[in-house]
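What follows is one structure encoded as structure tokens, with my remarks underneath.
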Amino acid sequence: MSQVSNNSVKLLRLPAVMEVTGISRSSVYRLVQENKFPKPVHVAVPKMTVWPSDVIEQWVQDQLSEGRGA
């Protein structure tokens with residue numbers, strides 16, 4: 001069984017992902033199709049599509065690192 005750190009992972013819906021990243025809805029889905037953005041996860045209860053917050057935060061950090069030439 002996997003452990004969750006003290007910084008609990010949250011399930012982000014698309015509007016929250018858009019707010020965190022500054023990317024539009026259509027761009028999120030385009031980047032997912034191009035394998036340039038994390039794919040969403042489907043959860044059963046309640047039935048919805050989400051992105052784990054830790055995955056999105058890591059993607060943002062990776063973008064910042066690439067932009068700085070790291």
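Values computed for the structure shown
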item: Gain in span if fully extended, residue 23 to residue 61, counting 0.36 nm per residue against the direct Cα distance; result: 12.2 nm
item: For residue 12, residues with placed amide H under 5 Å, excluding near neighbours; result: 51, 53
item: Of all accessible heavy-atom area on the range 26-65, the percent that carbon and sulfur account for (1.4 Å); result: 55 percent
item: HN-Hα J in Hz across the range 24-37 - Karplus 6.51, -1.76, 1.60, θ = phi - 60°, x for Gly and Pro; result: 6, 3, 5, 5, 4, 5, 5, 5, 4, 4, 8, 6, 10, 8
item: Helix-derived mean residue ellipticity, 222 nm - over the chain, DSSP H n ≥ 4, -39500 (n - 2.57), to 500; result: -13500 deg cm²/dmol
item: Assigned charges on the beta-carbon of Lys, Arg, Asp, Glu; the chain dipole about Cα centre (debye); result: 280 debye
item: Theoretical gain in end-to-end length, residue 11 to residue 31 [0.36 nm per residue, Cα-Cα removed]; result: 5.3 nm
item: Highest to lowest packing among 29-37, 47-55, 60-68, scored as the average C-beta count within 10 Å; result: 47-55, 29-37, 60-68
item: Two-site label geometry, residue 68 and residue 43: point separation in nm, points 7 Å out along Cα→Cβ; result: 3.1 nm
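The values are calculated or read from the model by the stated rules, or taken from the named source; none is laboratory data. Only a predicted model underlies this, so the values are computations on that prediction, with no experimental measurement involved. No Cβ is skipped: glycine too gets one built from the backbone with ideal geometry, and neighbour counts run over all protein chains shown. These area figures cover heavy atoms from the full protein model, side chains too; ligands, DNA and RNA do not enter into them. Shrake-Rupley method; radii C 1.70, N 1.55, O 1.52, S 1.80 Å.
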